[in-house]
Amino acid sequence: MIVELINKFSHKFLNKILLNFNVTDNIAFGGPSLYILLGAISVATRGRVQEQIYSLLNYGFYGLSDPKNPTHTDSAERWLYYRRSIEFLLESNSVLYHSTRITPYYTGITKRVFNIESNLIDFQTSGHLVNKWVERKTHGLCGDLLIGPWRTPSQFEVMMVFINAFIFHEDWARPFEKLPHPEIFVDDKGRKLSVTMMVQKGIYRYFEENINAFQFIFIPFAKKDLFAAIFLPRETVNLKSFIKDFNWNSVFRFFQYSQLHNVRVKIPKLKILSRLNIAETLQNFEIQAPFHAMISDFSGMTNQRGFIANLTQVSNFIVDESGPRDYNPNLNKGPEIKSNETIFDANRPFLFLVYSSYLRLILLTVVVTNPNAE
């Protein structure tokens, strides 16, 4: 099943990021959006590079690489469906900037199937347009995440920059309340931080695992079938180790077997501006050829040597109290659950997943180690 492959990829890629990332910083990572972008890049490549990307994705986009392939139409329609489903739930955009002309077939298939915007530019005179695009697609809040400077490609080379940008700021199905005073959040170094917390009492899908020592709650957003799936390891469990051992595809099982509980939820407000160097992480997977013109093969898009100068994912991730303006607690009461109140207090590092129960897909993965850090 395609969704299971995407979830596995998200988990594998995040673990590789964590190996090379300052984990005192927060991470916001859009696995499905990156999966689709790498699929589009694989269509441009040939030979060993293409096979390496297919191996990472656990899927081959053979039907899209060759318009004469009999599976071309079916493959295009399948990925068109998944891409549109993701974009319905998440504001995600991708772009390719390139220094010389590429084939009309490649620009056409990547636009129609993957919704990747292609722009021919002179990087020396118009490279600032890349940063302008990032600023625009993150609503002006990531303009300082500068990308560049650029080297001058030769007249026989195609220099490429691929960027994926996403924004997440959704209303909860039921608004949170902001607590009047800051509270203590203990980070993974044992430091005590004063942070702004939000609270909500209600009936939630809740699961507690004593063997692996974590609490797990599903908090619904206003958008149908969209949830914040929050994993809170016990104080004695390292978040990075927890993520490494956790099976992403088990989230659906937890969703199925979780029970409704009276829960008092307390989570910090979040504003995370993130920039991930995807090129660096790919090279840690031993996928190095696409970034070197002399050994890469981009004959699926050009008859010249080509190389990727920059491959980045940027994000603007916001979680606050917001909910529907017309929310009426008397009209939106859930089933009455006669049980003791369970406490879910995210006052230490936790994992925040944006999860579609309909698609069974983890749309976003957010590792929170310091709620005050942007």
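Bear in mind these aren't lab numbers, they're just calculated from the coordinates by the rules spelled out. All figures in this text were calculated on a predicted structure; none of them were measured in a lab. Methodologically, a virtual Cβ is constructed for each residue, glycine included, from the backbone with ideal geometry; neighbour enumeration extends over all protein chains shown.
Please compute the length gained on full extension between Lys240 and Ile184, using 0.36 nm multiplied by the number of residues separating them and subtracting their Cα-Cα distance.
Once the chain is fully extended between Lys240 and Ile184, it gains 18.1 nm.
Can you put Glu321, Glu77 in order, fewest other beta carbons within 10 Å first?
Ranked by crowding around the Cβ, least crowded first: Glu77, Glu321.
When ranked by the protection proxy of mean other Cβ atoms within 10 Å per residue, highest first, what sequence do the peptides 49-62, 155-168 form? Before the final figure, lay out each step's value.
Numbers: 49-62: 18.0, 155-168: 21.1.
Packing proxy ranking, top to bottom: 155-168, 49-62.
Cα centroid distance between region 47-61 and region 220-262, in Å?
Between the Cα centre of region 47-61 and that of region 220-262, the gap is 30 Å.
When Ser10, Ser299, Ser357, Ser241 are ordered from fewest to most other Cβ atoms inside 10 Å of their Cβ, what list results?
Neighbour counts put them in this order, fewest first: Ser241, Ser299, Ser357, Ser10.
Among Glu170, Glu91, Glu209, Glu235, which comes first, second and so on when ranked by fewest other beta-carbon atoms within 10 Å?
Values: Glu170 19, Glu91 16, Glu209 13, Glu235 10.
By the 10 Å Cβ count, ascending, the order reads Glu235, Glu209, Glu91, Glu170.
Return a single number: how many Lys pairs in region 211-317, at a sequence separation of 8 or more or on separate chains, have alpha-carbon atoms below 22 angstrom apart.
So the count of such lysine pairs works out to 6.
Over all alpha-carbon pairs in the chain, figure out the percentage whose distance exceeds 41 Å. Walk me through the numbers before you get to the answer.
Working: 11536 of 69751 pairs.
It works out to 17 percent of all Cα pairs.
Report relative contact order for the chain in percent, whole number only (criteria: Cα-Cα under 8 Å, sequence separation at least 6).
With pairs under 8 Å counted, the relative contact order is 26 percent.
As a check on your grasp of the helix formula, calculate [θ] at 222 nm for the chain: sum -39500 (n - 2.57) over DSSP H runs of n ≥ 4, divide by the residue count, round to the nearest 500.
That calculation yields -8500 deg cm²/dmol at 222 nm.
Say R0 is 25 Å: what FRET efficiency, to the nearest 0.05, do Tyr105 and Gln288 get from their beta-carbon distance?
Details: r = 26 Å, r/R0 = 1.06.
E(calc), rounded to 0.05, equals 0.40.
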